[in-house]
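What follows is a set of notes on a single structure, which appears directly below.
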Amino acid sequence: VKAVIAASFERIHRSNLVGMGVLPLQFGEGTSAQTLGFDGSETYSITGLSEQIQPGQMATLEIARKDGAKQSVPVKLRIDTAIEIDYYRHGGILPFVLRELVSRGKARGELN
């Protein structure tokens with residue numbers, strides 16, 4: 001799973017997604033899987049995110065339906081803090097912490 005798109009997130013669930021390296025994206029007010037008529041046969045891509053992502057940045061959900069129809073919907077990046085961006089870029093909290101520990105160990109000459 002690379003991203004979860006929802007109408008809203010409980011704080012802890014959103015935080016857990018970021019901690020696992022999963023991108024939380026939120027539909028705009030009044031938009032949901034139901035209002036968009038999702039039936040599970042669609043494919044999705046996310047555009048508008050660069051390497052320099054920012055908390056609360058907007059992106060676009062590109063929807064390709066089975067019948068060939070395409071639709072674009074704005075979504076909001078729900079990475080809310082700078083440290084969460086670091087966690088996400090490293091693939092989650094555990095890879096982030098591991099890299100930090102290895103880096104500190106190398107700086108002290110404890111690791112080769």
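Give me the one-decimal nm value for the distance between modelled label points at residue 4 and residue 41, 7 Å along each residue's Cα-to-Cβ direction.
If labels sit at residue 4 and residue 41, their model points lie 2.7 nm apart.
Among 66, 76, rank each residue by its count of other Cβ atoms within 10 Å, from fewest to most, as a rough exposure measure.
66, 76
Starting from the amide H of residue 4, placed 1.01 Å from N in the peptide plane, find each other amide H under 5 Å away whose residue is 5 or more places distant or on another chain.
The list, which skips near neighbours in sequence, is 23, 25.
With a Cα-only, solvent-free Debye model of region 3-107, what are the log10 I(q)/I(0) values at q = 0.11, 0.12, 0.16 Å⁻¹?
Ignoring solvent entirely, the Cα scatterers give -0.40, -0.46, -0.74.
So for region 3-107, averaging the separation of alpha carbon pairs under 8 Å that are six or more residues apart and normalising by length, what relative contact order in percent results?
29 percent
Tell me, 100, 62, 51 in order of fewest to most beta-carbon neighbours within 10 Å?
51, 100, 62
Bear in mind these aren't lab numbers, they're just calculated from the coordinates by the rules spelled out. Keep in mind it's a predicted model, so treat the numbers as computed, not measured. In this analysis, Cβ positions are derived from the backbone assuming ideal geometry, glycine residues included, and neighbour counts consider all displayed protein chains.
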